[in-house]
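Presented below is the structure to which this report refers.
The values are calculated or read from the model by the stated rules, or taken from the named source; none is laboratory data. Worth saying up front: this structure is predicted, and the values here are computed from it rather than measured. Heads up, the Cβs are rebuilt from the backbone with ideal geometry, glycines too, and the neighbour counts pull from every protein chain shown. To get the accessible areas, we keep the full protein, side chains included, count just its heavy atoms, and leave off ligands, DNA and RNA. Shrake-Rupley method; radii C 1.70, N 1.55, O 1.52, S 1.80 Å.
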Amino acid sequence: MRLTVFASVLTCAIPVFSQSIYDIWTTTWDRSNLFTYKNLSPNPINFQSPKSIGSADIVINDAQTYQSVWGFGASLTDSSALVLSNLKKNSSSYWKLLKYLFDPTDGANSAGLSYLRIPLGASDFSATVYSFDDVSGDTSMQHFNISKTPSYVWTVIKDIRSINNVLRIHLLPWSPPGWMKDTGTMNGGNFLDKYTTAYANYLLKSLQAYKSKGINVYAIGIQNEPENYNPTYPTCVFSPAQEAAVAKALRSLMNKNGFSGTKIIGYDHNWVDGSEYPIDLLNDDSSDFAGVAFHCYAGTVDQQDAFHAAYPKKDIFFTECSGTYGSDWWSDIKWYMDNIFIGAIEHNAHSGLMWNLALDGDGLPMLPGTNSCSPACRPVVTVNTDGTWSVNQEFYSMAQASKAILPRDPGGPWGKRIGVSVRGNQEWALRVGAYVTGRAKSKDWLRYSLVVLNWNDNNNGAWKPSPVKTTIEFRGKQATYTFPVGITTLWWYAPNKGHSKKSDFGDSTVEFMNVTDTGFELPEDSTFEAIADEESAFDELLYSKSNGEKVQRTRFS
């Protein structure tokens, strides 16, 4: 049986009666493809009746849904903002880079990075050591001054937000003002309990200052790396009880001053202590923290699981990791995907972030005298003094992952992790993340995405990158694709079956189809062409009028 369906105005090419893969992004080990897009029209990969499985077989279970993924990104340090601001002298190059990094438009040639972490005050990537109130003993914050932030930081934030209106901003101090610590300086030292209320006020004023500049803050933390004592740059040791006490005071202030919707995220330190500090922290105060964040510098990603087991309803974020100049490009890609951009998400993280967004080719500028990055830390993007730039392996890893979870529609929900497994004699060759993205209208088809790392690059110790012929199992149908060695992101659309509540998509404000209502209608302003055979999932055609003309519509069984 052959059936062709048309409507009046062409806006997209989504098949109606059978799921098909049209859109593929690829980054390969040999860099012959670097976040390269390919549209398979007019010859998509169709889901058909199952046959024998490939060397690997990806099995998708969209009945298993996990956490929403709220974005990938990096930290906008003072240094990152400075090199980007200097690039702005070459206006076209600057805006081309920002769009390539941050444009979240569906299908755009960009990573759509949507999560920005910003230090409050100085870090190891600042020109000088400063806080917003360096007047000793000023517990009433009479001398608080957000303008100590370099002006170029505000300019770059504004420019990024002009491109990405779904950007999440996460604020975090590297140290309280030095006078709140036993050393009297922001570099190193331990927090003093007597300043708990004053420090909470300091953080509240930071939120208020950002709001006064028109910047809504998604989340705030108490202290970056609270177990890190380093006298060469801003750091501070907090015990779990101290961090919890500040959070309790801050949450009360936030709720009274219009910030009840802003999250407080705790810990923000390495995986290695996942079963201790963050659990102790929430044991002291579980009500005021939305969750905790992790870094990559010690431990393993599966140590996020201890916290998730203890507090399964609390959020997990992955917020910092840095590569170093001189490392192997492909080895880094594999590690990032395995541990962060597939791995951290697989272990319940809502985000995946790197450290500096931008630096120069020497990993500079840094705070004079700091020893925090040796060898030099590599940013997401290297900006050169001649007005050129290049993105690094951090970008390609994040971009491939980000493409899978961005909202499909303006105002629509973010991608949500779903169940996936791999079988077959080469199942070891693939690392896979699977996601479903809801839609702004209940009648529109959901988008399903895969992020696949093929790391099959040797045979008995000999270098031999080999593609893997793979079948993909979805709702009783099967598609076949040969994954090259590298990262592949692909997607397809399917009817909304089983996702019946807004809560299925976590952060959505749109209504989704009731599971008992299996009806599906074509958008009235769209043209679709579909070929249906006798196995297509429909049982009758419905008819209605659109703009005065009869249009065929379908109902799925």
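Kirkwood Rh over Cα pairs of the stretch 71-404 into Stokes-Einstein at 4 °C, 1.567 mPa s: D in µm²/s?
Approximately 65 µm²/s, per Stokes-Einstein.
As a test, work out the antiparallel percent of DSSP beta bridges whose residues both lie in the chain, rounded to the nearest 5.
65
Taking the Cα atoms of the chain alone, what are Rg (to one decimal) and Dmax (as a whole number) in Å?
Just the Cα atoms of the chain yield Rg and Dmax of 24.7, 82 Å.
Rounded to the nearest 500, what is the chain's calculated 222 nm mean residue ellipticity when only DSSP H runs of at least 4 contribute -39500 (n - 2.57) each, over all residues?
Calculated mean residue ellipticity at 222 nm is -5500 deg cm²/dmol.
Compute, for the chain, the length of the dipole vector about the Cα centre, with Cβ point charges of +1 (Lys, Arg) and -1 (Asp, Glu) only. Units Debye, rounded to 20.
Numbers: 47 positive and 55 negative charges, 264 e Å.
So the dipole magnitude of the chain works out to roughly 1260 debye.
List the residues, sorted by chain then number, that are 5 or more residues from M186 or on another chain and whose placed amide H is less than 5 Å from its amide H.
Excluding prolines and chain starts, which carry no amide H, the hits are G178.
Just subtract the alpha-carbon distance of K89 and S162 from 0.36 nm times their residue separation and send over the number in nm, one decimal. Walk me through the intermediate numbers first.
Details: separation 73, 0.36 × 73 = 26.28 nm, distance 1.81 nm.
Fully extending the segment from K89 to S162 adds 24.5 nm.
Leaving out ligands and nucleic acids, note down the accessible area per residue over the stretch 71-404 with a 1.4 angstrom probe, in whole Å².
33
Could you pull out every one of the lysines with an alpha carbon less than 17 Å from that of K263, ignoring same-chain neighbours closer than 8 positions?
Reachable lysines: K205, K211, K248, K313, K314.
Once phi is turned into ³J(HN,Hα) by the Karplus curve 6.51 cos²θ - 1.76 cosθ + 1.60 with θ = phi - 60°, what whole-Hz value does each residue of the stretch 307-319 show in order, with x for glycine and proline?
Whole-Hz 3J(HN,Hα) from phi for the stretch 307-319: 5, 4, 5, 6, 9, x, 8, 8, 7, 10, 10, 10, 10.
Could you list which residues have their amide H under 5 Å from that of G221, counting only those 5 or more apart in sequence or on another chain, with H placed in the peptide plane?
Distant-sequence amide H within range of G221: L171, L172, I265.
At q = 0.12, 0.14, 0.15, 0.17 Å⁻¹, what base-10 log of I(q)/I(0) does the Debye formula yield for the stretch 288-350 when every alpha carbon is treated as an equal point scatterer in vacuo?
-0.32, -0.42, -0.47, -0.58
In whole Hz and in residue order, list the ³J(HN,Hα) couplings for the stretch 168-184 that follow from phi through the Karplus curve 6.51 cos²θ - 1.76 cosθ + 1.60, θ = phi - 60°; x for Gly and Pro.
With the stated coefficients, the stretch 168-184 comes to 9, 10, 10, 9, 7, x, 8, 6, x, x, x, 6, 8, 10, 6, 8, x Hz.
Could you tell me the distance between the Cα centroids of the stretch 84-151 and the stretch 411-441, to the nearest Å?
33
What angle do you read, to the nearest 10 degrees and between 0 and 90, between the alpha-carbon axis of helix 196-212 and the longest principal axis of the chain?
50
With charges set only on the Cβ (+1 for Lys and Arg, -1 for Asp and Glu), what does the dipole of the stretch 224-276 come to about its Cα centre, in debye to the nearest 20?
460
Ratio to report: Rg/Rh of the stretch 226-362, with Cα atoms as the point set and Rh obtained by the Kirkwood method; give two decimals.
So for the stretch 226-362, dividing Rg by the Kirkwood Rh gives 1.00.
If you average over every viewing direction, what projected area does the convex hull of the Cα atoms of the stretch 123-224 give, in nm²?
The orientation-averaged projected area of the Cα hull of the stretch 123-224 comes to 6.5 nm².
E427 to S260: FRET efficiency via 1/(1 + (r/R0)^6), r the Cβ-Cβ distance, R0 45 Å, to the nearest 0.05?
Here the calculated transfer efficiency is 0.45.
Under the rule of at least 5 residues apart or a separate chain, name every residue whose amide H is placed under 5 Å from the amide H of V420.
N61
Which value, in debye to the nearest 20, gives the size of the charge dipole of the stretch 71-404 about its Cα centre, when Lys and Arg are +1 and Asp and Glu are -1 at the Cβ?
Working: 23 positive and 32 negative charges, 283 e Å.
Here the stretch 71-404 has a charge dipole of around 1360 debye.
Explain nothing, just compute: Karplus ³J(HN,Hα) = 6.51 cos²θ - 1.76 cosθ + 1.60, θ = phi - 60°, for every residue of the stretch 360-365 in order, whole Hz, x for Gly and Pro.
Here the 3J(HN,Hα) series is 8, x, 9, x, 10, x Hz.
At a Förster radius of 22 Å, what calculated FRET efficiency corresponds to the Cβ-Cβ distance of E276 and D193, to the nearest 0.05?
It comes to 0.60.
If you roll a 1.4 Å probe over the stretch 71-404 with all protein chains in place, what percent of the accessible area is carbon or sulfur?
Details: 5210 of 11010 Å².
Its accessible area is 47 percent carbon and sulfur atoms.
Using the alpha carbon gyration tensor of the stretch 59-168, what are the three equivalent-ellipsoid semi-axes (square root of 5 times each eigenvalue), largest first, in whole Å?
32, 21, 11
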